[in-house]
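One structure is given here, and the rest of the page talks about it.
The values are calculated or read from the model by the stated rules, or taken from the named source; none is laboratory data. Given the structure is predicted, the values throughout are model-derived calculations rather than measurements. Cβ coordinates were reconstructed from backbone atoms using ideal geometry, including for glycine residues, and neighbour counts include every protein chain displayed. All accessible areas refer to the heavy atoms of the entire protein, side chains included, with ligands and DNA or RNA removed. Shrake-Rupley method; radii C 1.70, N 1.55, O 1.52, S 1.80 Å.
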Amino acid sequence: TKGYQNLSLDIANFSAPGSFGNHSFKLMLVDGNNSYTLLSKTITVEKIPQIDSVTPTIAAGALPTEFTANINTLGINITQYKWDFGDGTSLQTTTTKTITHTYNELKVFNLQITISNSQGFSSTATFPISVISPKDAVTDKLNKDLENVANIEAQFATSPKFTQDAVKKILNLDSINAQLHNLNISAAAATTDAQYLTIMKDLVQINLPDSIEQTSSSTAVPFLPY
């Protein structure tokens, strides 16, 4: 190998062309008035979708939050989204750009999203997610849930008593109402983020529909005995 010399390109700061398609790459050695081609390659710049951002970047602790990846698809179909929420939970895979996740600690987590397109190319981006005290979210959810209970009770206020009792029993309304009022008292007395976090964890466990619907009714049904 006498007469040969290693040429490191690590610090050459090469970058890919800004336009898609095929590009010619040549590495030239210039010696005075003479130049020599050391390397000649065709470089193909493919259309790889990029993750521009994610929303939201602030979430309330213990509250299920819908995250949306904002993608520059470059006109190519995205087939898979992989979500690593950075909190020790398992990796999630979806075919849509939205997912719901709950953070149960108040800190900054790194959310890593990897997308793949129909051509098999993928790209990854990481975004910091600040998980803050659910104090304001606790108040909003409590008010909304208490309002929902009142609306459901009002909806069946003119129905026969057995109908009201049946609805309350099926939805467990009396127990839910008591839980909500107890949590409301706890929220009014809470002074720390840890207390609000505990209250929110209890709140999201309450199974209460936003509304119910009476699909059909009848005041009298004829019955003909045989």
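Overview of results
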{"read-out": "From the options 166, 178, 157, residue that is surrounded by fewer than 13 Cβ atoms within 10 Å (Cβ to Cβ), assigned to a helix (DSSP H, G or I) and among the hydrophobic types (A, V, I, L, M, F, W, C)", "value": "178"}
{"read-out": "Residue 152 vs. criteria open to solvent by 40 Å² or more (accessible area, probe 1.4 Å), under 17 Å from residue 211 (Cα atoms), assigned to a helix (DSSP H, G or I) and at pLDDT below 95", "value": "no"}
{"read-out": "Of the criteria (1) modelled with pLDDT under 75; (2) open to solvent by 80 Å² or more (accessible area, probe 1.4 Å), which one residue 17 fails", "value": "(2)"}
{"read-out": "Matching residues, segment 125-138, being at pLDDT 95 or above and either surrounded by fewer than 16 Cβ atoms within 10 Å (Cβ to Cβ) or out of contact with any helix residue (DSSP H, G or I) (no Cβ under 8 Å at 6 or more places or on another chain) (or both)", "value": "125, 126, 127, 128, 129, 130, 131, 132"}
{"read-out": "Of all residues making up segment 49-77, the number that are closer than 25 Å to residue 117 by Cβ and crowded, with 16+ Cβ neighbours inside 10 Å", "value": "6"}
{"read-out": "Single residue of segment 97-115 satisfying the filter (among the hydrophobic types (A, V, I, L, M, F, W, C) and more than 15 Å from residue 132 (Cα to Cα)) that is most open to solvent (accessible area, probe 1.4 Å)", "value": "99"}
{"read-out": "Tally of residues being among the aliphatic types (A, V, I, L, M) and modelled with pLDDT of 95 or more across segment 57-97", "value": "7"}
{"read-out": "Test result for residue 172, in contact (Cβ under 8 Å) with a residue 40 or more places away in the chain, farther than 30 Å from residue 83 by Cα and open to solvent by 50 Å² or more (accessible area, probe 1.4 Å)", "value": "no"}
{"read-out": "Output for segment 181-203, where each listed residue is crowded, with 16+ Cβ neighbours inside 10 Å, among the hydrophobic types (A, V, I, L, M, F, W, C) and more than 19 Å from residue 147 (Cβ to Cβ)", "value": "190, 197"}
{"read-out": "Pair list, Cβ under 6 Å, 6 or more apart: segment 24-53 residue under 19 Å from residue 74 (Cα atoms) and in a strand (DSSP E or B), other residue open to solvent by 90 Å² or more (accessible area, probe 1.4 Å) and not acidic (Asp, Glu)", "value": "44/22; 45/20"}
{"read-out": "Top-ranked residue of segment 78-88 - restricted to ones that are part of a loop (DSSP other than H, G, I, E, B) and open to solvent by less than 60 Å² (accessible area, probe 1.4 Å), ranked as nearest to residue 49 (Cα to Cα)", "value": "85"}
